[in-house]
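Have a look at the structure below, then the notes.
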Amino acid sequence: MPKTATVNKSGRKSAAPPAAAAAAPSGSALDIKDNRTGKSYSVPVADCATRATELKKIKTENPDDSGLMSYDPAFLNTASCKSSITYIDGDKGILRYRGYPIEQLAENATFLEVAWLLRHGELPSQEEYDKFVHDVTFHTYVHENFRKFLEGFRYDAHPMAMLNSSIAGLASFYPSARNIFDETERNISIVRLLAKTPTIAAFSYRHVKGLPFVYPDNRLSYVENFLSMIARMSESKYEANPTFTRALEILFILHADHEQNCSANAVRAVGSSHVDPFSAVSAGVAALFGPLHGGANEQVLRMIQEIGSVKNVPKFIESVKSGEGGRLMGFGHRVYKSYDPRAKIVKKLADEVFKVVGVDKDLEIALELERIALSDDYFTSRKLYPNVDFYTGLIYRSMAFPTDFFTVLFAIGRMPGWLAQWEEMLLDKEQKIARPRQIYIGPKERPYKSKLKGAKTQ
Ligand code: ACO
């Protein structure tokens with residue numbers, strides 16, 4: 001292995017925004033001396049990174065040596081792409097979409113404005129926005145066959161499983177979406193995914209409840225229409241509670257993108273095979289389902305319900321610390337090593353929603369969990385802070401969403417981010433089919449000797 005590895009000009013410790021990164025001196029390089037061979041190498045450094053393919057040039061005389069690799073399970077320190085969509089500074093708790101602070105977008109923007117921004121890089125003009133809203137509004141209907149498809153699920157099917165397979169199923173209705181390098185096809189696929197995801201989500205909800213499906217109402221805004229498809233009964237026009245509408249709009253904005261997280265990475269990896277966007281995005285939905293990712297919001301609530309009372313919190317925290325009680329769900333983040341900026345906004349939002357519907361009965365437990373964890377060395381030394389999922393569940397429950405529906409709400413919010421990441425990957429000339437290497441640690445060649453009765457042997 002290399003004996004010395006030094007950055008010979010300047011190096012930055014953490015990922016920097018493009019403007020700052022561009023200021024790094026050109027000609028920076030990493031000097032590496034390989035003490036297996038005594039040879040020295042100069043590996044270029046740009047944007048605070050070295051290209052892993054440069055390491056391939058570092059070889060021994062062994063003819064089987066295909067060159068040095070970097071080994072990084074779970075991508076702890078590997079940039080898989082260059083992106084101009086979302087910037088996070090995990091130490092400072094900063095999140096920006098296309099340069100705009102999340103706090104300002106959450107306070108002032110609409111979800112569809114943010115969806116446009118994520119994809120196009122700039123905020124829409126009034127004309128662009130009006131056309132975009134119109135297009136999304138008029139593509140909310142799904143093919144009638146979706147009825148039968150959704151009716152095929154059991155009454156207790158998890159709504160994320162229904163969403164995942166339905167999004168993948170859309171590919172069968174729009175075969176021309178496979179023309180991914182045709183901009184018109186990409187546009188319509190993106191509009192369809194933004195428009196139909198709330199419809200499919202709401203149909204899944206109604207299926208589980210045994211209620212008739214409510215068709216989209218084009219007179220309503222994106223969020224109001226979703227709430228109408230969820231909750232409308234016999235009224236001719238559904239009128240959503242404005243606090244719920246705005247709260248959901250803000251939550252969708254907060255979830256809209258988060259750079260190279262597990263699900264965005266899944267969308268990019270699957271999309272890199274040049275499959276259609278419905279199939280690529282369904283991989284994102286699948287990744288989001290997991291309890292370590294978007295599924296954490298559901299798990300937070302189940303954990304709080306299991307704790308049951310404020311007086312049980314210290315015992316629960318001890319069980320987490322000893323490893324017996326599992327993880328403190330809704331805490332910790334791969335990137336944020338201080339308070340997740342989204343969690344701050346969500347906590348404030350929860351107060352506003354609770355003013356309307358009354359304080360959630362389990363808020364006290366959540367606050368006590370947070371208070372104890374933030375003053376306990378186990379959590380502070382590991383920089384474990386509440387993430388976006390810690391308080392969202394309490395808000396969703398106060399709006400009467402069932403616990404297993406929480407991650408579906410996250411998925412609706414994340415859709416514009418997946419689509420922007422997918423398109424950016426597709427148009428990036430440096431990208432190819434995602435195909436990591438491995439370090440093979442299995443058996444060496446051995447002759448086939450079957451253990452089955454009467455089988456032939458070599
Ligand atoms: N509770 C208790 N301990 C934790 C937690 C937690 N929530 N999260 C991390 N740790 C501990 C680990 O046990 C480990 O301790 P050790 O060094 O003594 O072994 C240390 O902190 C580092 O943990 P890692 O698993 O290496 O951290 P990683 O960056 O891989 O994981 C993750 C990040 C998956 C989010 C993790 O913090 C976690 O499981 N959190 C709970 C699930 C959750 O809330 N997920 C939602 C994340 S936000 C999102 O995806 C939308």
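The values are calculated or read from the model by the stated rules, or taken from the named source; none is laboratory data. None of these values were measured; they are calculated from a predicted model. Cβ atoms come from the backbone with ideal geometry, glycine included; neighbour counts cover every protein chain shown. When the accessible area is computed, the model is the full protein with side chains, heavy atoms only, and any ligands, DNA or RNA have been set aside. Shrake-Rupley method; radii C 1.70, N 1.55, O 1.52, S 1.80 Å.
Observations on the model:
- Test: residue in region 212-225 that is of a type in the set (A, V, I, L, M, F, W, C), closer than 23 Å to Ile395 by Cα, at pLDDT 95 or above and open to solvent by less than 30 Å² (accessible area, probe 1.4 Å): yes
- Whichever residue in region 60-88 is assigned to a loop (DSSP other than H, G, I, E, B) and hydrophobic (A, V, I, L, M, F, W, C) and, among such residues, is farthest from the ligand (Cβ to nearest atom): Leu68
Let's see how each residue does on (1) within 9 Å of the ligand (Cβ to nearest atom); (2) not hydroxyl-bearing (Ser, Thr, Tyr):
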residue	(1), (2)
Leu254	no, yes
Arg268	no, yes
Val310	no, yes
Arg334	yes, yes
Tyr339	no, no
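- Here region 304-320 is the region considered, the condition is being open to solvent by 70 Å² or more (accessible area, probe 1.4 Å) and not polar (S, T, N, Q), and the residue that is farthest from Ser263 (Cα to Cα) is Lys311.
- Region 324-343: number of residues that are over 21 Å from Met303 (Cβ atoms) and surrounded by fewer than 21 Cβ atoms within 10 Å (Cβ to Cβ): 3
Here is a yes/no grid of residues against (1) in contact with a Leu (Cβ under 6 Å, 6 or more places away or on another chain); (2) open to solvent by 10 Å² or more (accessible area, probe 1.4 Å); (3) in contact (Cβ under 8 Å) with a residue 60 or more places away in the chain:
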| residue | (1), (2), (3) |
| --- | --- |
| Arg371 | no, yes, no |
| Phe390 | no, no, yes |
| Met399 | no, yes, yes |
| Ile412 | no, no, yes |
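- Residues of region 74-90 that are surrounded by 13 or more Cβ atoms within 10 Å (Cβ to Cβ) and in contact (Cβ under 8 Å) with a residue 60 or more places away in the chain: Phe75, Ala79, Ser80, Cys81, Lys82, Ser83, Ile85, Thr86, Tyr87, Ile88, Asp89, Gly90.
- So Leu251, is it more than 17 Å from Val136 (Cβ to Cβ) and open to solvent by less than 10 Å² (accessible area, probe 1.4 Å): yes
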